[in-house]
Amino acid sequence: MVKKSFSLNKIVSLIDTLRGNIYFDKITASFSIIDEIILFNQNNENISLVDILNQVKQKIEDKLFYSDLLYGKEKLIALAQKNSLVAAIFYRMMVNEINEGYTGISNFIYEQIIDNPFLILDKK
């Protein structure tokens, strides 16, 4: 019960970050929330709260991943499960690629970092 409470408090705290003014913090918090919900749901499959958290997760994903960004959704979520800060930086790079009309660089960089042993994992 304590672990569930801690996990939920962490999710609520991250949601509070979304109310802030700093764009990059919002992106980082969004990826952290998605990751925390995935972890919570894996450990608590049989409780009714899972459906509500899945709705929250889906709303955040819908805000982050639209049109041209949909192609990188799974990659970014996988990266966020390792390090949400790196995922947020990578997300900004993908947005810049789309806005400037060139693509492919983010795919190359992703392949170089996703399995890199030097990628620091978020503290869980």
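The number of residues in the stretch 32-54 being of a type in the set (G, A, S) and modelled with pLDDT of 90 or more comes to 1. Considering the stretch 66-112, the residues that are among the β-branched types (V, I, T) and within 22 Å of S32 (Cα to Cα) include one that is nearest to the chain's Cα centre (by Cα), namely I77.
Filtered by the rule that a residue be under 18 Å from Q81 (Cα atoms) and either exposed (fewer than 11 other Cβ atoms within 10 Å of the Cβ) or of a type in the set (F, W, Y) (or both), the stretch 13-29 gives a lone residue, F24. Taken as a whole, the stretch 57-68 holds at least one residue that is under 19 Å from S7 (Cα atoms), of a type outside the set (K, R) and surrounded by fewer than 16 Cβ atoms within 10 Å (Cβ to Cβ).
Report yes if I52 is farther than 16 Å from V12 by Cβ, among the β-branched types (V, I, T) and surrounded by fewer than 20 Cβ atoms within 10 Å (Cβ to Cβ), otherwise no. Spelling it out, it is not the case that I52 is farther than 16 Å from V12 by Cβ, among the β-branched types (V, I, T) and surrounded by fewer than 20 Cβ atoms within 10 Å (Cβ to Cβ).
So, of the residues in the stretch 30-46 that are of a type in the set (A, V, I, L, M) and touching a residue at least 40 places away in the same chain (Cβ under 8 Å), which turns out to be surrounded by the most Cβ atoms within 10 Å (Cβ to Cβ)? Reasoning before the result, please.
Initially, the stretch 30-46 is screened for residues of a type in the set (A, V, I, L, M), giving 33-34, 37-39.
Of the ones still in play, those that are also touching a residue at least 40 places away in the same chain (Cβ under 8 Å) are 34, 38-39.
Working: I34: 23, I38: 16, L39: 15.
Applying the filter and picking the extreme gives I34.
Among the residues of the stretch 1-39, those identified as charged (D, E, K, R) and in a helix (DSSP H, G or I) are K3, K4, K10, D16, D25, K26, D35, E36.
Looking at the stretch 82-121, which of the residues that are surrounded by 17 or more Cβ atoms within 10 Å (Cβ to Cβ) and of a type outside the set (A, V, I, L, M) is nearest to S30 (Cα to Cα)?
Pass one, the stretch 82-121, residues surrounded by 17 or more Cβ atoms within 10 Å (Cβ to Cβ): 82-84, 86-88, 90-91, 94, 97, 106, 110.
This time we only want the ones that are of a type outside the set (A, V, I, L, M), so: 82-84, 90-91, 97, 106, 110.
Working: K82: 14, N83: 12, S84: 9, F90: 13, Y91: 11, E97: 20, S106: 20, Y110: 19 Å.
The qualifying residue nearest to S30 (Cα to Cα) is S84.
The values are calculated or read from the model by the stated rules, or taken from the named source; none is laboratory data. Please read these numbers as outputs of a predicted model, since none were measured by experiment. Methodologically, a virtual Cβ is constructed for each residue, glycine included, from the backbone with ideal geometry; neighbour enumeration extends over all protein chains shown.
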